[in-house]
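One structure is given here, and the rest of the page talks about it.
The values are calculated or read from the model by the stated rules, or taken from the named source; none is laboratory data. These figures come from a predicted structure and were not determined experimentally. Reconstructed Cβ throughout: ideal geometry from the backbone, glycine too, with neighbour counts over all protein chains shown. Heavy atoms of the whole protein, side chains included, go into the accessibility calculation; ligands, DNA and RNA do not. Shrake-Rupley method; radii C 1.70, N 1.55, O 1.52, S 1.80 Å.
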Amino acid sequence: MRILTLNTWKCDGAYRQRLQAMAQGLAALAPDVILLQEAFATEDGRADTAGYLAQALSMLATRAPARRKVRAFEGDSVMSSSGLAVLTRGPLVAHQVVPLPTDPADGERIAQLVCLQRGGVRTWVANVHLTHLDGASDLRIRQLDACLTALRHLAADDRCILGGDFNCSPGGPEFEVLRAGPSPWVMPAGSQIKSTHRTSDGRDLDLDHLLLSGGSFTCVPQVTVVLDPRQAQAGQEASDHAAVMLDLAVLHS
């Protein structure tokens, strides 16, 4: 299974051109599962990031709309959402949306939980986009706890993957929570230093992650950062975040 996570940057920048760049880049990588955050969609049907990519890649889109509000899009003010979506090459066994703790300064946050079954092996995947607020480690910890509590209830002993835009680095207190407990989450990246986003003042940040728990996985020694906008000089950038990709084999029990 090749799994990839990408924050798609809502409708910002050159949206239509970015969609094409996303589709072309993802097609070349050929992932089996794609986790999308900030998956923009207008209520009038003019735009649907997850739908466009699913059609371009011949995949199925399972959406979890969130953060509904009026946004500026192509010169108009449109009612839209900027939620989560999972693209897969086959149907899902289950899908659940989990409300997460929020702050009025940030707004709605959710987790999207999906279950895949391949060759008789079930794998639960949690797609998250945690709060971006500065100094909000405690809130992100509570958001992770709500997501993982729901996941433990649903997944039991099944294998699990947690991915998305965490808005924090592996050195933060949020990851101490993930490393604790009877079934700690494993970062395939290990001590690998990576960067998935650059701030306007030039700082490189490691915000986007894929983690594993609760089963027998084998995977490549490290995750790969792909679709990096800092390397898009020869073409249109896909997003303001790079994608993170992981190749793994799910072993039969």
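A few points about this structure:
- Approximate shape of the stretch 10-123 as ellipsoid semi-axes (Cα gyration tensor, √5λ), whole Å, largest first: 25, 20, 10
- The C-alpha atoms of the chain define a longest principal axis, and helix 15-29 lies at about 40 degrees to it.
- Cα-based Kirkwood hydrodynamic radius, the stretch 108-218, one decimal, Å: 14.7
- The accessible-area ordering, largest first, of the residues 194, 10 stands as 10, 194, per a 1.4 angstrom probe.
- Computed label-point distance, nm, for sites residue 55 and residue 149 using a 7 Å Cα→Cβ extension: 4.0
- Mean separation of Cα pairs under 8 Å and 6 or more residues apart, divided by the residue count, gives the chain a relative contact order of 20 percent.
- Distance between the modelled labels on residue 105 and residue 192, one decimal in nanometres: 3.4 nm (7 Å Cα→Cβ projection).
- Environment charge at residue 8 (Cβ cut-off 15 Å; Lys +1, Arg +1, Asp -1, Glu -1): -2
- Peptides 177-189, 78-90, 131-143 ordered by average Cβ neighbours within 10 Å, highest first: 78-90, 131-143, 177-189
- The chain: mean projected area of Cα convex hull, nm²: 13.2
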